[in-house]
Amino acid sequence: MSLDEKLISMVTKKVLEEIEAKSRKSRSEKAIYDDVDRAVEAATRAQKRFALLDLEKREQIIKSIREICLNNARFLAELAVQETRMGRVEDKVVKNILAAQKTPGTENLESKAWTGDRGLTLVEMAPFGVIVSITPVTNPTATVINNSISMIAAGNAVVFNPHPKAKHCSNMTVELINSAIVKAGGPDSLVCSINEPTIETAGKLFIHPCIQLISVTGGPGVVKAALSSGKKAIGAGAGNPPVIVDETADFVKAAHNIVCGASFDNNLLCIAEKELIVVESIADKLMGRLFKEGAYILRGKDIDIMTERILGSGDIDRELIGKDAAVILREIGIEVGRDVRLVIMEVGLEHPLVFNEQLMPVLPLVTVPTVDAAIDIAVRAEGGYRHTAIMHSKDIDNMTQFAKAIQTTLFVKNAPSYAGLGAGGEGYTSFTIAGPTGEGITSAKTFTRQRRCVLVDAFRIV
Ligand code: NAD
């Protein structure tokens, strides 16, 4: 560890200790519980009170949450980067703002009615009750903001069990959200969390009799654990999104979008571009343009050294996840005198980084002779997660062919991947993309159960 890194580490530890000490005094008042049972009891009580409030009040509470999260977007982003040592503050500010502004509220709940000779039948979206939400280290605060709004809009309470390595920033977000709820006249601990979250506390929450729904956002392990719980679970899992550039693409725009998407928050988003597959006839022009966009192009033996550094042990080195490109380059002895956002390296078709979710701003690039070959390798690289794919093309047939072959939850064309989350693209935002269980880009209605109410031979007004 260099002297600078030691200093940063000491300062970070001190800041986190101070935050911890300040908030320890009245933790339970702030909806952070030492004990799983107490957290679930408090959330259950809160949900019962919340169920008595009307939709207008629910919206007032959500408005208050949006406000506090917007006002603290930078504070929470700084806290997240200090604690997790992953990502970029500016990009995490954007993520927090997106979650606060573009997560749908109660307008997302649509009831349905049938009327006819035999009366009126109504289908309404009801809450599950108390949800446990498991959140990742990669988007800690934005996921808590997004899940809180979605789950509350649907009428539920939520107990968070955040990633242990992001517990301070996640629980600070919960405390802020709880204070906003109480300020707007809602019940305390409608959104609450566990003081020392672990895999064991998550396991206890999964089997707690008062938890009606499990929502997990993370890698394959946690999705499997949730789906083995015997309860209804919404699983948002890993991906390995390929990006194809075909011969018809606007290569200037494509290069810009690829650098923006793959470098955003140092590639921590599960939807971010993870491998670049380029049709040969456009490859040189695209590479030239990627360089102009500020990407650092690794060549020759440096590619092998980088591969060894990232994957030497066989698995992705977690120390490098979410680090700045300049820091990762320094790891292999390359100093750059500028803020490089992305490293690109041309590799062979079977290179391991093409098939691994690296979660860092190092993008492997492969070239192929045709779009058919590009689609073939993209489908293999995506690994069957059916998560996200990106394409730069002007050919509608190529786009259709890729979409049909890859079958991903998100398919973004001619834009950075984050356009798929409503950032520069149409549609709402979510940080829980439920591919494995099929709910897709989650929102309030994902966290509801349908209830049918039937009144026979009455209430027809025609
Ligand atoms: P992770 O799987 O290590 O941890 C995620 C959460 O699950 C953490 O809170 C962790 O404590 C918990 N957890 C892990 N194993 C568990 C188990 N067996 N039982 C109970 N809880 C368990 O993932 P991470 O490093 O925090 O996040 C990165 C991963 O998450 C990537 O694979 C990324 O693609 C994925 N991700 C997916 C989405 C999505 O919406 N699909 C969003 C963000 C991240």
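Toward the positive end of the charge dipole of the chain, with +1 on the Cβ of Lys and Arg and -1 on the Cβ of Asp and Glu, the farthest Cα among ASN147, SER313, VAL158 is that of VAL158. In the chain, the longest principal axis of the Cα atoms and the axis of helix 280-292 are about 80 degrees apart.
Looking at this model, which pairs from LYS274/LYS413; LYS413/LYS445; LYS63/LYS95; LYS112/LYS404 are more than 22 angstrom apart at the alpha-carbon?
Where the Cα-Cα span goes over 22 Å, the pairs concerned are LYS413/LYS445; LYS112/LYS404.
Computed on the chain, with alpha-carbon pairs under 8 angstrom and 6+ residues apart, the relative contact order is 20 percent.
Need one word for the range 400-462: rounded, prolate or oblate. Basis is the Cα gyration tensor (sqrt eigenvalues a ≥ b ≥ c); a/c below 1.5 gives rounded, then a/b vs b/c decides.
The shape class here is prolate.
Thinking of the chain as a set of Cα atoms, what percent of all their pairs are more than 37 Å apart? Could the numbers behind the result be given before it?
Details: 31432 of 106491 pairs.
Every Cα pair in the chain considered, those over 37 Å come to 30 percent.
For the range 193-267, the Cβ-based charge dipole about the Cα centre amounts to some 480 debye (Lys, Arg positive; Asp, Glu negative; other atoms uncharged). Taking amide H as placed 1.01 Å from N in the peptide plane, the amide H of ILE441 sits under 5 Å from that of ALA434, each at least 5 places away or on another chain. In summary, the lysines within cross-link reach of LYS224, defined as a Cα separation below 17 angstrom excluding same-chain residues under 8 places away, comprise LYS204, LYS232.
Label-to-label distance for VAL327 and CYS453 is 5.3 nm, based on points extended 7 Å past Cα in the beta-carbon direction. The range 308-353 to the range 157-196: how many Å between their Cα centroids? So the separation of the two Cα centres works out to 35 Å.
For LYS30, the aspartates and glutamates whose Cα falls under 13 Å of its own Cα, not counting residues fewer than eight places away in the same chain, are GLU20, GLU175, ASP188.
Here the range 39-174 is treated with +1 on each Lys and Arg Cβ and -1 on each Asp and Glu Cβ, and its dipole about the Cα centre works out to around 360 debye. Scanning residues 5 or more positions from VAL340 or on other chains, those with amide H under 5 Å from its amide H are ALA326, with H placed 1.01 Å from N in the peptide plane.
Net charge in the neighbourhood of ILE62 (other residues with Cβ under 12 Å of its Cβ; Lys, Arg +1, Asp, Glu -1) is 0.
Output the peptides 210-220, 294-304, 176-186, 233-243 sorted from most to least packed, where packing is the average of other Cβ atoms within 10 Å over each peptide's residues. Show your work: numbers first, answer last.
Values: 210-220: 22.0, 294-304: 15.8, 176-186: 20.5, 233-243: 25.0.
Descending packing order for the listed peptides: 233-243, 210-220, 176-186, 294-304.
Only the Cβ atoms of Lys and Arg (+1) and of Asp and Glu (-1) were treated as charged; on that basis the dipole of the chain about its Cα centre amounts to roughly 1580 debye. Note that the range 50-66 has calculated 3J(HN,Hα) couplings of 5, 5, 7, 7, 7, 5, 5, 5, 4, 5, 4, 5, 5, 4, 5, 5, 4 Hz, one per residue in order, obtained from phi through the Karplus relation 6.51 cos²θ - 1.76 cosθ + 1.60 (θ = phi - 60°); glycine and proline are x.
Shape class for the range 382-423: oblate, because the ratio a/c of the largest to smallest gyration tensor axis (alpha-carbon atoms, square roots of eigenvalues) is 1.5 or more and b/c is at least a/b. A simple rule links phi to the HN-Hα coupling: the Karplus curve 6.51 cos²θ - 1.76 cosθ + 1.60 with θ = phi - 60°, which for the range 447-459 gives 9, 10, 10, 7, 10, 9, 10, 10, 10, 9, 6, 7, 6 Hz, with x for Gly and Pro. Seen against the Cα atoms of the chain and their longest principal axis, helix 301-311 is set at about 30 degrees.
Based on the alpha-carbon gyration tensor of the range 242-425, what equivalent-ellipsoid semi-axes (square roots of 5 times the eigenvalues) come out, in whole Å, largest first? Kindly include the intermediate steps, with their values, before the conclusion.
Values: eigenvalues 117, 57, 51 Å².
Listed largest to smallest, the semi-axes of the range 242-425 are 24, 17, 16 Å.
Sorting 331-343, 59-71 by average packing, meaning the other beta carbons within 10 Å per residue, from highest down gives 59-71, 331-343.
FYI, it's all coordinate maths here, none of it is from the lab. Remember, predicted model here, so these are calculated numbers, not experimental data. When we count neighbours, we look across all protein chains shown, and the Cβ atoms used for this are built from the backbone with ideal geometry, even at glycine.
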